[in-house]
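The values are calculated or read from the model by the stated rules, or taken from the named source; none is laboratory data. From a predicted model like this one, the values you see are computed outputs, not experimental measurements. When we count neighbours, we look across all protein chains shown, and the Cβ atoms used for this are built from the backbone with ideal geometry, even at glycine. Please note that ligands, DNA and RNA were not included when accessible areas were found on the heavy atoms of the full protein model with its side chains. Shrake-Rupley method; radii C 1.70, N 1.55, O 1.52, S 1.80 Å.
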Amino acid sequence: ERKILSIMKSYYTGLSSFEEKQVARLMVNESMKYGFDPLLILAIIRVESSFYNKAVSYKNARGLMQIMPNVGEALADELHIPWMDDSTLFNQLTNIRIGTYFLYKLTKQFN
């Protein structure tokens, strides 16, 4: 968790220090839940958004893990996460929960 947090600190995240700590903790917890190395999730976030929580791609993928809104909405439903609108993906904790679950589903689907 400390290693993740120290790496995140070298980027502009748009998050408070408290939120960054929450993100680091959640990255570890969600990684362990699905059998991933937390550094894999860290690497995905670094590549996808450079840790900037409000990142939006030219294709409209959103948040830390760059999730497309239609995918996010479907996965939020599977995870029983409340979905308000596309801005739900800017909630850093929701984004990591959905993104890590999505990665898990893809690894199971494609071995």
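Glu73 is checked against (1) more than 9 Å from the chain's Cα centre (by Cα); (2) within 21 Å of Gly35 (Cα to Cα) and fails just one. What number does that condition carry?
Looking at each condition in turn, Glu73 falls short on (2).
Working carefully through the options Phe18, Phe36, find the one that is within 13 Å of Gly99 (Cα to Cα) and more than 13 Å from the chain's Cα centre (by Cα).
Phe36
What number of residues in the range 11-26 are touching a Phe, Trp or Tyr at 6+ places or on another chain (Cβ under 9 Å) and either not in a helix (DSSP H, G or I) or not charged (D, E, K, R) (or both)?
6
Looking only at the range 79-104, which residues are part of a helix (DSSP H, G or I) and more than 28 Å from Ser17 (Cβ to Cβ)?
Answer for the range 79-104, where residues must be part of a helix (DSSP H, G or I) and more than 28 Å from Ser17 (Cβ to Cβ): just Tyr104.
Being within 13 Å of the chain's Cα centre (by Cα), open to solvent by 90 Å² or more (accessible area, probe 1.4 Å) and at pLDDT 95 or above: is that true of Arg62 here?
Here the answer is no, as Arg62 does not meet what is asked.
Identify, please: which residue in the range 27-59 is part of a helix (DSSP H, G or I) and among the small types (Gly, Ala, Ser) and is, among those, surrounded by the fewest Cβ atoms within 10 Å (Cβ to Cβ)?
Among them, the one singled out is Ala43.
Since Ala76 meets every condition but one in (1) surrounded by 14 or more Cβ atoms within 10 Å (Cβ to Cβ); (2) in contact with a Ser or Thr (Cβ under 8 Å, 6 or more places away or on another chain); (3) of a type outside the set (Ser, Thr, Tyr); (4) assigned to a loop (DSSP other than H, G, I, E, B), which condition does it not meet?
(4)
What single numbered condition from (1) closer than 24 Å to Tyr11 by Cβ; (2) not in a loop (DSSP other than H, G, I, E, B) fails to hold for Thr107?
Every listed condition holds for Thr107 apart from (1).
Looking for whichever is out of contact with any Phe, Trp or Tyr (no Cβ under 9 Å at 6 or more places or on another chain), open to solvent by less than 20 Å² (accessible area, probe 1.4 Å), of a type outside the set (A, V, I, L, M, F, W, C) and at pLDDT 95 or above here; the options are Pro69, Pro82. Which one fits?
Values: Pro82 fails: open to solvent by less than 20 Å² (accessible area, probe 1.4 Å).
Result: Pro69 is the single residue among Pro69, Pro82 that is out of contact with any Phe, Trp or Tyr (no Cβ under 9 Å at 6 or more places or on another chain), open to solvent by less than 20 Å² (accessible area, probe 1.4 Å), of a type outside the set (A, V, I, L, M, F, W, C) and at pLDDT 95 or above.
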